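Engineer: Would you mind keeping the following structure in view while I ask a few things?
The values are calculated or read from the model by the stated rules, or taken from the named source; none is laboratory data. Everything numeric in this text was worked out from a predicted model, so none of it was measured. Positions of Cβ are backbone-derived with ideal geometry, glycine not excepted, and every protein chain shown enters the neighbour counts. Calculation scope for accessible area: heavy atoms of the full protein, side chains included, ligands and nucleic acids excluded. Shrake-Rupley method; radii C 1.70, N 1.55, O 1.52, S 1.80 Å.
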Amino acid sequence: ETGVTQTPRHLVMGMTNKKSLKCEQHLGHNAMYWYKQSAKKPLELMFVYSLEERVENNSVPSRFSPECPNSSHLFLHLHTLQPEDSALYLCASSQVEGHTDTQYFGPGTRLTVL
Amino acid sequence: GQNIDQPTEMTATEGAIVQINCTYQTSGFNGLFWYQQHAGEAPTFLSYNVLDGLEEKGRFSSFLSRSKGYSYLLLKELQMKDSASYLCAVRDGDYKLSFGAGTTVTVRA
């Protein structure tokens with residue numbers, strides 16, 4: 001399945017580093033999402049972009065900065081992270097039309113903050 | 001806030017049936033999704049219910065009762081490859097999915 005791809009798959013970074021996560025969707029969808037998945041916890045929605053406009057920002061710390069240059073690409077810029085930010089970061093996309101918009105997920109980036 | 005509950009773990013034997021329950025209390029309701037997630041992989045879409053009743057898709061079925069805030073995912077003729085985490089998610093707005101913590105199903109030979 002290559003509908004939604006994410007790079008890198010694994011990332012280890014120090015608290016003073018700056019890195020970016022990349023997501024690309026090949027499904028022609030008009031909305032893209034960032035989620036955080038920590039062990040034994042529900043997926044937490046971080047950001048939503050619809051038609052390249054940010055429509056949801058769930059009280060995420062400013063050390064996470066999203067960017068959506070076009071409808072196919074989504075980035076998550078990371079800087080001065082904390083060890084508790086270590087988690088699986090999942091990207092998803094959907095076609096928002098009426099009441100049905102199934103979200104399709106990428107494989108995620110496993111982030112470890114030292 | 002949103003409250004979505006599902007059991008943490010379930011174990012069943014190959015060939016058996018397992019039912020994963022999900023109860024929810026959300027500020028809005030615009031459909032309920034079930035996803036399957038194998039360890040280290042992306043969640044993959046299994047089913048969507050927005051009206052009351054049973055939706056069947058091969059070995060997997062999903063049921064919804066909106067008045068009770070309740071859904072279940074039924075897995076029949078279990079196979080070893082069905083060992084995974086199963087996520088219940090409620091769409092409570094235009095874009096937002098609220099997820100349960102997931103149920104880890106282990107299928108034993």
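Engineer: May I ask you to give the percent of accessible area on segment A:1-88 that is carbon plus sulfur, with a probe radius of 1.4 Å?
Structural biologist: C and S atoms contribute 49 percent here.
Engineer: Further, regarding this structure: Residue by residue through segment A:71-77, which ³J(HN,Hα) values in whole Hz follow from phi under the Karplus form 6.51 cos²θ - 1.76 cosθ + 1.60 (θ = phi - 60°), with glycine and proline marked x?
Structural biologist: Listing the rounded values in order: 5, 9, 10, 9, 10, 10, 8 Hz.
Engineer: Using DSSP to define loop residues, name the GluC sites (Glu not before Pro) in segment A:10-114 whose beta-carbon has at most 12 other beta-carbon atoms within 10 Å.
Structural biologist: In loop regions of segment A:10-114 (DSSP not H, G, I, E or B), there are no sparsely surrounded GluC sites (Glu not before Pro).
Engineer: Give me the accessible area per residue for chain A, probe 1.4 Å, as a whole number in Å².
Structural biologist: Result: 48 Å² of accessible area for each residue.
Engineer: Another one. Amide H of residue A:95 versus every other amide H placed in the peptide plane: which residues, excluding those fewer than 5 positions away on the same chain, fall under 5 Å?
Structural biologist: Those lying under 5 Å, H to H, from residue A:95 are A:30, A:102.
Engineer: Under a Cβ-Cβ cut-off of 14 Å, what is the net charge of the residues other than residue B:90 that fall near it, where Lys and Arg count +1 and Asp and Glu count -1?
Structural biologist: Its environment carries a net charge of 0.
Engineer: Using modelled amide H (1.01 Å from N, peptide plane; none on Pro or chain starts), what sits under 5 Å from the amide H of residue B:101, excluding residues fewer than 5 places away?
Structural biologist: B:6
Engineer: Give the shape of segment B:61-103 as rounded, prolate or oblate, defined through the alpha-carbon gyration tensor: a ≥ b ≥ c are the square roots of its eigenvalues, a/c under 1.5 means rounded, and otherwise the shape is prolate if a/b is larger than b/c and oblate if not.
Structural biologist: oblate
Engineer: Nearest 100 Å² is fine: how much accessible area is buried between B and A, summed over both sides, with a 1.4 Å probe?
Structural biologist: 1800 Å²
Engineer: Among all cysteines in chain A, which have no other cysteine Cβ under 4.7 Å from their own Cβ?
Structural biologist: If one checks each Cβ against the other cysteines of chain A, A:68 turn up with nothing under 4.7 Å.
Engineer: Got a number for carbon plus sulfur as a percent of chain B's accessible area, 1.4 Å probe?
Structural biologist: The nonpolar share, carbon plus sulfur, comes to 47 percent.
Engineer: Let me ask something else. Provide the per-residue ³J(HN,Hα) series for segment B:7-18, in order, calculated from phi with Karplus coefficients 6.51, -1.76, 1.60 and θ = phi - 60°, each as a whole number of Hz, with x at glycine and proline positions.
Structural biologist: x, 6, 9, 9, 10, 8, 9, 3, x, 7, 10, 10
Engineer: Write down the Kirkwood hydrodynamic radius of the protein assembly as shown, to one decimal in angstroms, obtained as one divided by the mean of 1/r over all alpha carbon pairs.
Structural biologist: This gives a value of 18.0 Å.
Engineer: If you don't mind, another one. Strictly over 30 Å apart at the Cα level, which of A:18/B:81; A:40/B:96; A:22/B:57; A:40/B:57; A:40/B:81; A:22/B:76 would you flag in this model?
Structural biologist: A:18/B:81; A:22/B:57; A:22/B:76
Engineer: Do you know the relative contact order of chain A, to the nearest whole percent, from alpha carbon pairs under 8 angstrom that are 6+ apart?
Structural biologist: 36 percent
Engineer: Could I ask something else about it? Could you derive backbone 3J(HN,Hα) for segment A:25-33 from the dihedral phi with the Karplus parameters 6.51, -1.76 and 1.60 (θ = phi - 60°), listing whole Hz in sequence and x where the residue is Gly or Pro?
Structural biologist: 10, 10, 10, x, 7, 10, 9, 9, 9
Engineer: Put simply, what bits of segment A:41-83 lose 40 Å² or more of accessible area when the other protein chains are there, versus the chain on its own (1.4 Å probe)?
Structural biologist: A:42, A:43
Engineer: Here's another thing I want to ask about it. I want to check the label-to-label distance for residue B:38 and residue B:14. Put each point 7 Å from Cα in the C-beta direction and report it in nm to one decimal.
Structural biologist: A separation of 1.6 nm, rounded to one decimal place.
Engineer: Okay, next question. GNM on chain A, C-alpha springs below 10 Å: top fluctuator among A:91, A:23, A:68?
Structural biologist: Evaluated over chain A, the most mobile residue of the options is A:68.
Engineer: Could I ask something else about it? Using alpha carbon centroids, what distance separates segment A:14-49 and segment B:77-96, in Å?
Structural biologist: Segment A:14-49 and segment B:77-96 have Cα centres separated by 18 Å.
Engineer: Which parts of segment B:59-74 would a label at residue B:23 reach, counting a residue when its backbone N lies under 12 Å from a point 7 Å out along Cα-to-Cβ?
Structural biologist: B:68-71
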